[in-house]
1. From the backbone phi of segment 57-74, what are the Karplus-calculated ³J(HN,Hα) couplings (6.51 cos²θ - 1.76 cosθ + 1.60, θ = phi - 60°) in whole Hz, Gly and Pro given as x?
2. Rounded to whole Å, give me the distance from the Cα center of segment 86-125 to that of segment 33-71.
3. Please calculate the 1.4 Å probe accessible area of Glu132, with all protein chains present, and give it to the nearest 10 Å².
4. Tell me, what % of the accessible area of segment 91-136 is carbon and sulfur with a 1.4 angstrom probe?
5. Can you give the Kirkwood hydrodynamic radius for segment 48-144, in Å, rounded to one decimal and based on Cα pairs?
6. Show Arg118, Arg57 ordered by accessible area, largest first, where the area counts protein heavy atoms only and the probe is 1.4 Å.
Amino acid sequence: MRFLRASTLRAAVTVALAVPLAVLARDSGRQSPPTFAFGRTGGNIIPFTVTIGKDGRVATNGPVQPTAASASLPLRNGLAKLAQAEAFFSMPTFVSCAGVNPDVAGRFITVTARGKTRTVTVHGACKPAFEELYAVLSASVGAS
């Protein structure tokens, strides 16, 4: 009988300790909402950056004025899925397309999603996956 009580007590203590640990583990596994930045850099034209923050707020630095003030969480999650589908996180960080004048500005995209951050800059238009992601990002906030 004494063995049964000790086992029951140990089981109760184990459960009491396991529940808070399970809750903590579940909460630590949550990822931050995806964030994005894109724009133009270098060359002899005015640079700009458009950012979509964790809260969805759209901000800009430079001559481009997006028409959207914010991007919904479903839109940001969709953009993150598109980045994943376009293999954005395995693209080279810099691509210089052949035959592009050095005075032409490059474009960049930074994506933070699922615990990863990557910035890719392309000088020219020779990377179709980058071009598609850039076009969708730009259109999604009205920065076309």
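The values are calculated or read from the model by the stated rules, or taken from the named source; none is laboratory data. Nothing here was measured: the structure is a model prediction, and the numbers come from that model. Accessible surface is based on the protein model in full, side chains and every heavy atom, while ligands, DNA and RNA are left aside. Shrake-Rupley method; radii C 1.70, N 1.55, O 1.52, S 1.80 Å.
1. Values per residue, Gly and Pro as x: 5, 9, 10, 9, 9, x, x, 8, 10, x, 7, 8, 8, 8, 10, 5, 4, x Hz.
2. 15 Å
3. It works out to around 90 Å².
4. Working: 1330 of 2340 Å².
Using a 1.4 Å probe with all protein chains present, segment 91-136 comes out at 57 percent carbon and sulfur.
5. Details: mean 1/r = 0.0715 Å⁻¹.
About 14.0 Å for segment 48-144.
6. Numbers: Arg118 60, Arg57 155 Å².
The ordering from most to least exposed comes out as Arg57, Arg118.
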